[in-house]
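No lab work stands behind these numbers, since they all come straight from the coordinates. The shown structure was predicted, so the numbers you read here are calculated from the model rather than taken from an experiment. Reconstructed Cβ throughout: ideal geometry from the backbone, glycine too, with neighbour counts over all protein chains shown.
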Amino acid sequence: MSKLRLATVWLDGCSGCHMSFLDMDERLLELAEYVDVVYSPIVDAKVYPESVDIALVEGAVASVDDEKKIKKIRAHTKMLVAMGDCAITGNVPSMRNPIGPEAILDRAYIQNASAQQQIPCVVVPKLLKIVRPIHEFVKVDVFLPGCPPSADTFHTALTALINGGPLDIPALTRFGA
Amino acid sequence: MSGESDVKTLVIDEQEVSARSGQTILEVARENEIDIPTLCHLDGLSDVGACRLCLVEIKGSNKLLPACVTTVQEGMEISTGTERLRAHRRTILEMLFAERNHICSVCVSNGHCELQTLAQEQGLTHVRLPYRNPELRVDASHERFTIDHNRCILCTRCVRVCAEVEGAHIWDVMGRGIDSIIISDLNQPWGESACTRCGKCVQVCPTGALFDKSKIGSDHPKYPDFLPYLNLMREAK
């Protein structure tokens, strides 16, 4: 059997889900017998590949760039996994929603800045008005809640997804876990 | 003298049970270790049937009825866990999550929250409805406690415990429908209200909406079990 092509993606999140993924430690070697990591913040590929079997997506959709990325990921991925609470609920990034991006940027870059008061507008992508979970933009196949999902949760879930075995996610994890 | 007609026999989930006249379906189910999920119900307080999580199916009725406020009748045939009921319960929980700003990961009740636990028990892994993201107040004017309306699910346990048990009735509900909000006194800051500082409302709150200021992180388990005992002691006097 040829190896499955696995991608991990980091949208608007704290990277904690990726840290927890890496916390699988030596079990990563076991997984590496079944999957190739073809795209991830921790590998060199800069462009999302044409064809991916499983994509783990951390983070909410908070900018025009995130929105473009998640649509591209969906188009080139067989199984899209929403990894962690930010991807699933918006979580901490969505706490700005009742306030709006203008007020947040003003507080961070004007009111609280002692020098060079200016709101970044080049290179960085424009923020969306509302931070939203990824399933509000594209179809999500598997939801793996947690902040972050534990290494054990990752291991159990990924093993089941790779083998096509049964997977009872609410028995493993919950919002805020 | 109580006659035989005071005893009702009925069927819950294909199990034959007997009950005293006037008991609710919820009481009888729990006496027989049949689990019906609840959120606004709390042993020791009056029931209001607000959250609708305890809806059950009764044979011969095309309406779903809340088990906490429906009294048993002779010969009732009740189902508590059909696929239709489970689907409704999940939708109710999703609406609660979407209605306000519940961020479990940074909540003082994370790991001790009845809403969070119910979501997990009912198999909720995401919310299909768009989040409303309302702008809501946090009132920290009280010297000991805080109310964060972002986490309130309007179960009114705080209103009932303050009125029925403490006898102060500083909490109430203002507005209607989705604009409803818990207020202290006549919508005055909690710290300036006639609050007796007893803390019962904090202990009965199922989420992190009411919390003790001395608690940090998610180290805030709540202990509402005192209520039935307190009521018992008062009745015994």
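Per residue of A:93-102, how many C-beta atoms from partner chains lie within 10 Å of its own C-beta, taken as a mean? Could you put the intermediate results ahead of the total?
Working: counts 1, 4, 5, 1, 6, 8, 2, 2, 0, 0.
The per-residue average across the peptide is 3.
Just to check I understand the Karplus step: with θ = phi - 60° and J = 6.51 cos²θ - 1.76 cosθ + 1.60, what whole-Hz values come out for region A:138-148, glycine and proline as x?
9, 6, 10, 8, 9, 10, 10, x, x, 9, x
Given a Förster distance of 56 Å, report the FRET efficiency between B:Val106 and B:Asn32 from their Cβ-Cβ distance, rounded to the nearest 0.05. Present the calculation step by step, with values, prior to reporting the outcome.
Working: r = 40 Å, r/R0 = 0.71.
The pair B:Val106/B:Asn32 has a calculated efficiency of 0.90.
Can you give the net charge of the other residues whose Cβ lies under 9 Å from the Cβ of B:Gln122, counting K and R as +1 and D and E as -1? Before the final figure, lay out the partial values.
Working: positive: B:Arg86, B:Arg89, B:Arg90; negative: B:Glu121.
Net charge in that neighbourhood comes out at +2.
For the pair A:Met19 and A:Ala75, what calculated FRET efficiency results from E = 1/(1 + (r/R0)^6), where r is the Cβ-Cβ distance and R0 = 25 Å, to the nearest 0.05? Present the calculation step by step, with values, prior to reporting the outcome.
Working: r = 28 Å, r/R0 = 1.12.
Working from the Cβ atoms, E equals 0.35.
Share of antiparallel DSSP beta bridges in the protein assembly as shown, in percent to the nearest 5? Can you show the working numbers first?
Details: 25 of 45 bridges.
Antiparallel bridges make up about 55 percent of those DSSP assigns within the protein assembly as shown.
List the relative contact order of chain B as a percent without decimals, with contacts defined as Cα pairs under 8 Å and 6+ residues apart. It would help to have the intermediate numbers written out before the result.
Values: 397 pairs, mean separation 43.4, N = 237.
It comes to 18 percent, rounded to a whole number.
Once you put a point 7 Å from the Cα of B:Val69 and another 7 Å from the Cα of B:Tyr223, both along the Cβ direction, what distance in nm separates them?
So the two model labels end up 3.2 nm from each other.
How far, in nm, would the chain grow between B:Glu83 and B:Glu135 when pulled straight, counting 0.36 nm per residue and subtracting the alpha carbon separation?
Details: separation 52, 0.36 × 52 = 18.72 nm, distance 3.52 nm.
So the chain would gain 15.2 nm between B:Glu83 and B:Glu135.
Arranged by the count of other C-beta atoms within 10 angstrom, fewest first, what order do B:Glu121, A:Glu30 take?
Values: B:Glu121 14, A:Glu30 11.
Fewest-to-most Cβ neighbours within 10 Å comes out as A:Glu30, B:Glu121.
Run the quick spin-label model on A:Ser2 and A:Glu26: label points 7 Å from Cα toward the beta carbon, then report their separation in nm to one decimal.
That separation, rounded to one decimal, is 3.2 nm.
Please compute the length gained on full extension between A:Ile99 and A:Ser51, using 0.36 nm multiplied by the number of residues separating them and subtracting their Cα-Cα distance.
Working: separation 48, 0.36 × 48 = 17.28 nm, distance 3.86 nm.
My answer for the length gained is 13.4 nm.
Take B:Leu186 and A:Asp152, extend 7 Å from each Cα along the Cα→Cβ direction, and tell me the distance between the two endpoints in nm.
It is 5.6 nm.
Which residue fluctuates the most in chain A, going by a Gaussian network model with Cα springs under 10 Å, if the choices are A:Ile130, A:Ile99, A:Ile70?
A:Ile99
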